[in-house]
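The structure under discussion appears below in the form of structure tokens.
The values are calculated or read from the model by the stated rules, or taken from the named source; none is laboratory data. Keep in mind that what you see is a predicted model, and the values were worked out from it rather than measured. All Cβ positions, even for glycine, are placed from backbone atoms using ideal geometry, and neighbour counts span all protein chains on display.
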Amino acid sequence: MISFINADLELDRQPILTDINLTIDRGELVYIVGKSGSGKSTLLKALYMDIKPRRGEVSIAGYSSSTTKRRHIAHLRRKLGIVFQDFRLLHDRSVYDNLAFVLKVTNTRQSLIRDSVMQALEEVGLAHAARQMPLNLSGGEQQRVAIARALVREPVAILADEPTGNLDPDTSLEILEYLKKINQKGIVVVIATHDYELVRHHPARTLQISGDTIRETTFSNSPAGYRPLP
Ligand SMILES: Nc1ncnc2c1ncn2[C@@H]1O[C@H](COP(=O)(O)OP(=O)(O)OP(=O)(O)O)[C@@H](O)[C@H]1O
């Protein structure tokens, strides 16, 4: 479903990650951890093909960085749901219209748009908020709208970049529960986070970025708290 093969990733010609090899299979939920600036966002950017590896190959959902043409990147992104720390909702449109917008750009039939939007909102327990404006909702609710928007095109994978970064601890755990529920339906979920409490409450495969590389890690209690093993 996802693979990095000998991939070197850079931003503006600055090497960030070197010789990355990893595979994420269908149905997995995976955390990417690492300290601020370690390259978590960079790894996700390579997955939604915002950046191309300098060397090696990144593949996702049948699209390879080596062969995907620029004009086909939009096709790939329609198969992915991307969620950011700052929600990125359109503030001048209702919750419903934020989701409908995603389907209108691909000329989806009106009746199908309605069903798909309401179903996605139901998945995150916000069908009742369809007519609300985003800024009238709490941070946690706005992030749930963003998750619903990510779901509305029935993605094969959700890529979440610090999805709980702006939320309190309890709301963060609630967001994780929604992401887990989505994963249980067979959608791959990749979560970049530095929130170790999330991992403690909802353990799953964890990849740690350290230096210019990434490796599997496990967590354990240490004097500093629940931390990945060095
Ligand atoms: N446009 C850029 N050009 C060069 N270097 C950059 C650019 N953007 C970010 N960086 C650097 O690349 C490194 C990786 O950044 P990245 O955003 O992937 O890290 P991160 O782990 O997601 O961090 P955070 O948790 O703070 O978002 C950082 O050292 C950052 O300063």
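May I ask you to list the residues in region 112-140 that are of a type outside the set (A, V, I, L, M) and over 14 Å from residue 175 (Cα atoms)? Steps first, please.
In the first step, residues of region 112-140 are kept if they are of a type outside the set (A, V, I, L, M); the result is 114-116, 119, 122-123, 125, 128, 131-132, 134, 136, 138-140.
Within region 112-140, 114, 115, 116, 119, 122, 128, 131, 132, 134, 136 qualify.
Among the residues of region 106-135, which ones are touching a residue at least 24 places away in the same chain (Cβ under 8 Å) and surrounded by fewer than 13 Cβ atoms within 10 Å (Cβ to Cβ)?
106, 131, 135 - these are the residues of region 106-135 that are touching a residue at least 24 places away in the same chain (Cβ under 8 Å) and surrounded by fewer than 13 Cβ atoms within 10 Å (Cβ to Cβ).
Residues are listed down the side, and each one gets a yes or a no for (1) of a type in the set (A, V, I, L, M, F, W, C); (2) surrounded by 13 or more Cβ atoms within 10 Å (Cβ to Cβ):
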| position | (1), (2) |
| --- | --- |
| 41 | no, yes |
| 54 | no, yes |
| 62 | no, no |
| 74 | yes, no |
| 79 | no, yes |
| 82 | yes, yes |
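Looking only at region 161-197, which residues are without any contact (Cβ under 8 Å) to a residue 60 or more places away in the chain and among the aromatic types (Phe, Trp, Tyr)?
Across region 161-197, the qualifying residue is only 178.
Which of the residues spanning region 9-24 are farther than 28 Å from residue 200 by Cβ, more than 9 Å from the ligand (Cβ to nearest atom) and surrounded by fewer than 17 Cβ atoms within 10 Å (Cβ to Cβ)?
At the first step, the residues of region 9-24 found to be farther than 28 Å from residue 200 by Cβ are 9-15, 18-19.
Remaining after also requiring more than 9 Å from the ligand (Cβ to nearest atom): 15, 18-19.
Within region 9-24, 15, 19 meet the criteria.
Do the conditions hold for residue 146, that is, is it on the phi < 0 side of the Ramachandran plot, buried (at least 19 other Cβ atoms within 10 Å of the Cβ) and among the small types (Gly, Ala, Ser)?
On the way: on the phi < 0 side of the Ramachandran plot: yes; buried (at least 19 other Cβ atoms within 10 Å of the Cβ): yes; among the small types (Gly, Ala, Ser): yes.
Judged against the criteria, residue 146 is a match.
Considering region 52-82 alone, what residues qualify as being within 16 Å of the ligand (Cβ to nearest atom) and β-branched (Val, Ile, Thr)?
First, the residues of region 52-82 that are within 16 Å of the ligand (Cβ to nearest atom): 52-54, 58, 82.
Result: 58, 82.
Select from region 201-230 the residues that are touching a Pro at 6+ places or on another chain (Cβ under 8 Å) and not hydrophobic (A, V, I, L, M, F, W, C) and write down the one among them that is modelled with the lowest pLDDT.
So in region 201-230, the residues touching a Pro at 6+ places or on another chain (Cβ under 8 Å) come out as 206, 208, 212, 217-219.
With the extra rule that they be not hydrophobic (A, V, I, L, M, F, W, C), the set shrinks to 206, 208, 212, 217-218.
Numbers: 206: 96, 208: 95, 212: 95, 217: 92, 218: 88.
Going through the qualifying residues, I end up with 218.
Are any residues in region 25-51 part of a loop (DSSP other than H, G, I, E, B), within 14 Å of the ligand (Cβ to nearest atom) and in contact (Cβ under 8 Å) with a residue 12 or more places away in the chain, and if so, which ones?
The initial filter retains those residues of region 25-51 that are part of a loop (DSSP other than H, G, I, E, B), namely 25-28, 34-39, 48-51.
Restricting the remaining residues to those that are within 14 Å of the ligand (Cβ to nearest atom) gives 34-39, 48, 50-51.
If the condition is that a residue be part of a loop (DSSP other than H, G, I, E, B), within 14 Å of the ligand (Cβ to nearest atom) and in contact (Cβ under 8 Å) with a residue 12 or more places away in the chain, then 34, 35, 36, 38, 39, 48, 51 are the ones that fit.
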